[in-house]
1. With Cβ to Cβ distances under 15 Å as the rule, what net charge do the other residues near residue 70 carry (K, R +1; D, E -1)?
2. Using only helices, what value at 222 nm comes out for the chain when you add -39,500 (n - 2.57) per DSSP H run of length 4 or more and divide by the total residues, to the nearest 500 deg cm²/dmol?
3. Are there trypsin sites (Lys or Arg not before Pro) in the chain that DSSP puts in a loop and that have at most 16 other Cβ atoms within 10 Å, and which ones?
4. The stretch 34-71 to the stretch 1-28: how many Å between their Cα centroids?
5. Sort out the exposed loop GluC sites (Glu not before Pro) in the chain (DSSP loop, at most 12 other Cβ within 10 Å) and tell me the longest stretch that has none.
6. What list of ³J(HN,Hα) values in whole Hz, one per residue of the stretch 6-12 in order, does the Karplus curve 6.51 cos²θ - 1.76 cosθ + 1.60 (θ = phi - 60°) give from phi, with Gly and Pro shown as x?
7. Can you tell me the mean projection area, over all orientations, of the convex hull of the stretch 3-70's alpha carbons? Units nm², please.
8. From the backbone phi of the stretch 38-48, what are the Karplus-calculated ³J(HN,Hα) couplings (6.51 cos²θ - 1.76 cosθ + 1.60, θ = phi - 60°) in whole Hz, Gly and Pro given as x?
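What follows is calculated from the coordinates using simple rules that are stated; it is not laboratory data. The structure displayed is predicted, hence computed values, not measured ones. Virtual Cβ from ideal backbone geometry, glycine too; neighbours counted across all protein chains shown.
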Amino acid sequence: MTQAILEKINNKISQLQAENMFLRSFVIGVLGKDKEGNYKPDFIKNIKSKAEEDGEFCFCGSKDFIKKLNF
């Protein structure tokens, strides 16, 4: 084979590899979606850390709840 033919083949292979990466990314993007929507990992980490913290107020019964509502 001549050098020109080898260069053409290498160019075609490079194009096919780029197209393959694009298609793979597309398929993963479509299949990887959640039915409820997309979630941001930072948001999930933030919510989990807030859930583990102690709250500012304690609900200790109905009278205490009414007191806190009246300030």
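1. On the way: positive: 63, 67, 68; negative: 64.
Result for the neighbourhood of residue 70: +2.
2. After summing the helix terms and dividing by the residues of the chain, the value is -23500 deg cm²/dmol.
3. Answer by residue number: 33, 35.
4. 52 Å
5. Details: sites that count: 36, 53, 56.
Between exposed loop sites, the widest span is 1-35.
6. 5, 5, 4, 5, 5, 5, 5
7. Hull-based average projected area comes out at 8.9 nm².
8. For the stretch 38-48, the Karplus-derived couplings read 8, 10, 9, x, 5, 5, 5, 4, 5, 5, 5 Hz, x marking Gly and Pro.
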